Structure formats: structure tokens, C-alpha cells
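The values are calculated or read from the model by the stated rules, or taken from the named source; none is laboratory data. What you see is a predicted model; the values in this text were computed from it and never measured. Cβ placement follows ideal geometry from the backbone for every residue including glycine, while neighbour counts extend to all protein chains displayed.
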Number of protein chains: 2
Amino acid sequence: MPTDHTRSAILSAAERLYADRGFADVTLRDIVAAADVNLAAVNYHFGSKDELIAELFVTRSLATNRERLNELKEAEAVGGGRADVEAILRALVGPTVRGCLGPNNERSTAARFMIRASIESVPPIRRIKNREIDHLRKFSAAMRRSLPDRSEVDLYWGLHFALAMAHQTIRDSERLSKWSEGTCDLNDVEGIIDRVVAVSAMALAGSEPAKASAKLVAREAR
Amino acid sequence: MPTDHTRSAILSAAERLYADRGFADVTLRDIVAAADVNLAAVNYHFGSKDELIAELFVTRSLATNRERLNELKEAEAVGGGRADVEAILRALVGPTVRGCLGPNNERSTAARFMIRASIESVPPIRRIKNREIDHLRKFSAAMRRSLPDRSEVDLYWGLHFALAMAHQTIRDSERLSKWSEGTCDLNDVEGIIDRVVAVSAMALAGSEPAKASAKLVAREAR
DNA sequence: TTGCATTTCAAACGCATGTATGAAACTATG
DNA sequence: CATAGTTTCATACATGCGTTTGAAATGCAA
């Protein structure tokens with residue numbers, strides 16, 4: 001007999017419905033019907049619809065962030081305080097990609113909910129995402145320790161690109177799948193992570209500043 | 001004296017309001033008030049709210065696609081039918097980035113509208129985006145001509161990552177700006193394009209298949 | 001001008017939504 | 001058992017939305 005049965009029934013029904021059908025066309029009435037509770041229960045337990053959504057998103061975000069930080073800490077422990085570049089990147093993008101991609105029938109409701117949250121940007125979630133930066137700072141700090149000679153700018157761009165590739169692959173996996181006519185295997189989660197990590201590691205470690213400035217000159221000469 | 005004054009007044013008012021405040025909280029009543037026309041005019045001229053949004057988005061998309069294809073054609077003309085990898089990538093990401101980033105006060109309403117369209121995913125726009133693949137196919141074809149020895153999979157992933165970096169930089173420019181505490185200059189549009197092109201060109205041309213399979217073995221041995 | 005088609009307008013419709021209310025049912029403590 | 005606190009419930013409220021209506025205004029050809 002679970003404490004607060006109603007509350008958790010609402011949470012799980014809401015998560016499932018939002019994951020399946022998106023935020024736009026799921027109403028409180030849909031949720032309470034699925035949860036088999038009274039309409040007023042949502043406002044009683046959560047205050048408002050937005051606070052319900054926020055609670056769902058915060059819970060899942062915290063879980064992902066915890067996973068990321070665990071991987072990061074482990075990588076830094078192995079390297080004696082200075083983690084490998086690829087390990088940092090893997091800690092950053094791995095948990096999210098693993099959670100959100102893979103065979104359809106294996107994707108958890110939680111993961112599908114997070115995909116929705118990233119596709120349909122809804123006010124309560126946007127507000128929370130804005131506070132995500134403190135968490136990211138831990139990764140830029142780790143990267144700074146790992147590549148002390150690299151310029152700050154390059155570090156940020158490298159991490160940003162890693163997140164961009166991972167995130168956009170999750171958002172747009174369907175488009176890539178159609179575009180490539182199935183050539184790109186979106187179910188090979190670890191392969192995808194490898195690709196993202198490899199490309200962003202190259203971006204971080206590979207290019208010499210000389211090339212960049214040469215390009216700059218070429219452009220300005222135009 | 002423009003023909004169909006009402007129609008175009010609605011279009012430009014709607015574009016400006018959507019650009020400024022997002023799709024979520026701009027109503028038809030807001031639009032007709034800004035355009036100084038009657039409420040019923042929207043349905044008379046466009047049929048529905050969704051069709052109005054669709055028309056706005058289609059117009060702007062076509063313009064961007066045209067720009068992209070012009071750059072691509074030019075690049076292929078220079079190379080005698082076989083464009084340079086970097087030129088293809090530049091044609092793909094350049095127009096969008098140029099349109100959507102840069103100093104705030106220089107960004108056109110059209111560009112800000114397209115940013116909104118990419119951040120807040122709304123049904124009529126989603127439907128249109130799904131037909132975008134035919135356009136992308138021209139770029140994968142060009143890339144295939146440019147890198148005939150490269151595997152199909154790598155080509156698609158490379159192009160996808162290029163779009164991912166460009167797109168996500170536009171979407172999340174604010175986050176990167178805060179995260180890097182202003183270190184990353186989001187106003188340096190051409191510099192951003194250079195970075196995106198450089199990284200994705202490296203991804204396309206750089207890594208040898210040997211490394212990838214080595215990684216695969218390492219992972220499976222784990 | 002007459003007559004017809006197009007466009008504008010004020011007003012209302014219908015509906016779905018999130019939220020509030022107040023009574024009833026339940027739970028647990030003394 | 002009694003009673004105070006919590007939770008559930010049916011129901012109603014208020015509002016804002018996109019859309020429709022039908023009449024008035026306007027433009028334009030004959």
C-alpha cells in the first residue's frame with residue numbers, strides 16, 4: 001500500500017501521456033482519467049498543472065545529472081584528478097543518449113518524456129532549463145583541467161558542439177533515419193555515442209590555431 | 001497602395017509578434033489588433049490560424065532553401081561538378097546561421113521568426129518540416145560526388161552533425177553565452193560558421209575507419 | 001446608376017481549458 | 001467513540017480561444 005497513492009498515480013499517468021502524445025494535447029482531464037482520480041486532485045496535490053509538469057521534469061533531470069556526474073567523477077578518479085577528454089565527453093552525452101535512443105520498445109517512459117520535453121518547449125520546463133548552467137560548469141571545469149593549454153573559447157565550443165550533436169540526434173532521429181533511408185542505425189546507441197565523442201574530441205584536441213587564423217585572414221581578404 | 005493590404009498587414013504583424021513573444025501566447029486577437037484589421041479577416045484570408053502560421057513558415061523556408069541551393073550550385077560550378085567538402089557544408093549551414101545569429105539589433109524579424117519556429121515546435125510547422133528531406137537529399141548527393149570513397153553512413157552522419165551544431169547554436173545561443181560568460185562571441189557569425197564547417201569537415205574527411213573499429217572492439221571487450 | 005462580387009465588420013457561438021468551491025468520505029489520534 | 005485533520009469528489013466557474021455568421025461597406029464592370 002503506497003503512501004499517497006493518488007499523487008503517484010497522477011505522476012505516472014501524466015508522464016506516460018505526455019511521453020506518448022506531447023504536452024500540447026494532453027489535458028488535466030486526460031490525466032485524471034488515466035490515473036483514475038478526481039480532477040481536483042491535481043490542484044490539491046501539485047497546486048497547478050505547471051507545477052505538475054515541473055515536478056516531472058525536475059525529477060528526471062536530477063536523475064540524468066546524477067548519472068553524468070557519477071561518470072565524470074569516476075573518469076577523474078581513474079586519471080588522478082585529470083580525466084581523459086573522451087571520458088569527459090562520454091560522461092556528458094552518454095547518459096542522455098542512452099536514455100533517449102535505442103530500440104523503440106525498450107525506451108522507458110521516462111526517456112520518452114524527456115524527448116518530448118526537449119522537442120516541445122513548454123514554459124515551466126524552459127524556466128527550469130535555465131538553471132542548468134551550474135551543472136554544465138562542472139564539465140567545463142573538468143575539461144579545463146584536462147586541457148590546460150587549450151583556450152577557454154575552444155573548450156566551450158567543443159563541449160557545446162558535443163551537446164549539440166547528441167541533443168539534435170535525439171530530437172531529430174526520425175529525420176536522419178528517413179534522410180539516410182535507414183543507413184544510419186539509430187538503435188546502435190553506443191555507436192552513436194562513439195561518433196559524437198570522436199567528433200567532438202577531434203574538435204577539442206585536433207585543430208591547430210594556425211589554421212583558424214589562416215581562415216580568418218582569407219575571409220577578411222575577401 | 002498595395003494590393004491586398006489587409007492580407008499583408010496580417011502577415012507582417014503576425015511574424016513580428018510571433019518573433020517577439022513566441023507562438024504560445026500570441027492570439028489571433030493580438031495579431032489583428034497589431035495589424036489594425038478585423039478579427040474575422042484572418043479566417044477570411046487564410047482559412048485558419050494554422051494556415052496563417054504555415055504560410056509564414058513556408059515563405060521563409062523557401063527563401064532559406066533557395067539561398068542554400070544557390071551556394072551549393074555555385075560551389076559545384078567552381079569545382080566542375082564536384083564541390084569542395086567545406087563549400088558544401090558552408091552552403092548547408094551558412095544561410096541559416098547568418099540569418100539567425102549576429103548582433104541583436106541587426107537580426108531581421110524574419111530571422112527571429114525562424115528562431116522561434118525552431119525553438120517552439122508547433123503542429124503546422126512540424127508538418128512542413130517533415131517534407132524538408134527532399135531538399136536535404138541534394139546535399140547528401142553533392143557530398144557523395146565530392147567524397148565518392150567515403151561510406152554512405154559517414155556522409156549522412158557528417159551532414160547531420162553539421163546541421164546539429166548549427167541549429168543547436170542558434171537555438172541555445174543564450175545558454176552558450178551564459179555558460180562561457182561571454183567568452184564565446186555569438187555575434188561573430190562568420191567565425192561560428194567557420195567552426196561548424198571545420199569540425200564537420202574533420203568528421204567527414206578526417207577519421208580513419210580503423211580507429212572506429214578499434215573502438216568497437218574495445219567496447220565489446222568490456 | 002444598377003447590379004454583382006469581394007471584402008470588412010461587430011457580434012456572438014461553442015467549446016475546452018485550468019481552477020475554485022464546499023460538502024462528503026476517510027483516517028488517525030485521543 | 002468522538003473529533004480534528006486530511007483527502008476525495010461532483011460540480012460549477014470564469015475565461016480565453018478559434019471560428020462562424022450575416023449584415024454592411026466597398027469596389028468595379030456594364
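Kindly evaluate B:ASP20 against the criterion of being within 16 Å of DNA strand D (Cβ to nearest atom), at negative phi and not in a helix (DSSP H, G or I).
For B:ASP20, the condition - within 16 Å of DNA strand D (Cβ to nearest atom), at negative phi and not in a helix (DSSP H, G or I) - is not met.
Quick one: is B:ALA110 assigned to a helix (DSSP H, G or I) and aliphatic (A, V, I, L, M)?
Yes: the conditions hold for B:ALA110.
Considering only segment B:61-70, state which residues are surrounded by 13 or more Cβ atoms within 10 Å (Cβ to Cβ) and more than 12 Å from B:LYS138 (Cα to Cα).
Across segment B:61-70, the qualifying residues are B:SER61, B:ALA63, B:THR64, B:GLU67.
Does A:ARG112 count as modelled with pLDDT of 85 or more, more than 22 Å from B:ARG171 (Cα to Cα) and assigned by TED's automatic domain parsing to the domain that holds A:SER200?
Numbers: modelled with pLDDT of 85 or more: yes; more than 22 Å from B:ARG171 (Cα to Cα): no; assigned by TED's automatic domain parsing to the domain that holds A:SER200: yes.
Considered against the rule, which asks whether it is modelled with pLDDT of 85 or more, more than 22 Å from B:ARG171 (Cα to Cα) and assigned by TED's automatic domain parsing to the domain that holds A:SER200, A:ARG112 comes out as no.
Being more than 13 Å from DNA strand C (Cβ to nearest atom), more than 14 Å from chain A (Cβ to nearest Cβ) and in a helix (DSSP H, G or I) is true for just one of B:VAL58, B:VAL32. Which residue is that?
Numbers: B:VAL32 fails: more than 13 Å from DNA strand C (Cβ to nearest atom).
Criteria check complete, one pass: B:VAL58.
Which is within 16 Å of DNA strand D (Cβ to nearest atom), at pLDDT below 90 and not small (Gly, Ala, Ser), of A:ASP25, A:ASP30?
Working: A:ASP30 fails: at pLDDT below 90.
Only one candidate passes the filter, namely A:ASP25.
May I ask you to verify whether A:THR169 is β-branched (Val, Ile, Thr) and buried (at least 16 other Cβ atoms within 10 Å of the Cβ)?
yes
Given the conditions (1) buried (at least 16 other Cβ atoms within 10 Å of the Cβ); (2) more than 8 Å from DNA strand D (Cβ to nearest atom); (3) within 29 Å of A:PRO123 (Cβ to Cβ), report the number of the one that B:THR6 does not fulfil.
So the condition that B:THR6 fails would be (3).
Keeping to segment B:176-189, report how many residues are in a helix (DSSP H, G or I) and either more than 7 Å from chain A (Cβ to nearest Cβ) or surrounded by 18 or more Cβ atoms within 10 Å (Cβ to Cβ) (or both).
4
On the basis of being over 14 Å from B:PRO95 (Cα atoms) and more than 9 Å from chain A (Cβ to nearest Cβ), does B:SER173 make the cut?
Judged against the criteria, B:SER173 is a match.
Just to check your reading of the model, which residue among A:ILE115, A:ILE133, A:ILE125 is without any contact (Cβ under 8 Å) to a residue 60 or more places away in the chain and within 14 Å of chain B (Cβ to nearest Cβ)?
Of A:ILE115, A:ILE133, A:ILE125, the one residue that is without any contact (Cβ under 8 Å) to a residue 60 or more places away in the chain and within 14 Å of chain B (Cβ to nearest Cβ) is A:ILE133.
Which residues, counting only those in segment B:13-29, are small (Gly, Ala, Ser) and either in contact (Cβ under 8 Å) with a residue 40 or more places away in the chain or within 11 Å of DNA strand C (Cβ to nearest atom) (or both)?
B:ALA14, B:ALA19, B:GLY22, B:ALA24
Taking the options B:ASP149, B:ASP154, name whichever one is in a helix (DSSP H, G or I) and farther than 23 Å from B:PHE57 by Cα.
One residue alone meets the criteria, B:ASP154.
Across segment B:136-151, which residue is nearest to the other protein chains (Cβ to nearest Cβ) among those that are in contact with an Asp or Glu (Cβ under 9 Å, 6 or more places away or on another chain) and surrounded by fewer than 17 Cβ atoms within 10 Å (Cβ to Cβ)?
Among those residues, the one meeting the criterion is B:ARG144.
I'm trying to understand the selection: among the residues of segment A:33-71, which are aromatic (Phe, Trp, Tyr) and either near DNA strand D (Cβ under 10 Å from one of its atoms) or free of Cβ contacts under 8 Å to residues at least 12 places away in the same chain (or both)?
Within segment A:33-71, A:TYR44 is the sole residue that qualifies.
Criterion first (buried (at least 19 other Cβ atoms within 10 Å of the Cβ), at pLDDT 95 or above and within 28 Å of A:ARG16 (Cβ to Cβ)) does A:ALA41 satisfy it?
Numbers: buried (at least 19 other Cβ atoms within 10 Å of the Cβ): no; at pLDDT 95 or above: yes; within 28 Å of A:ARG16 (Cβ to Cβ): yes.
No.
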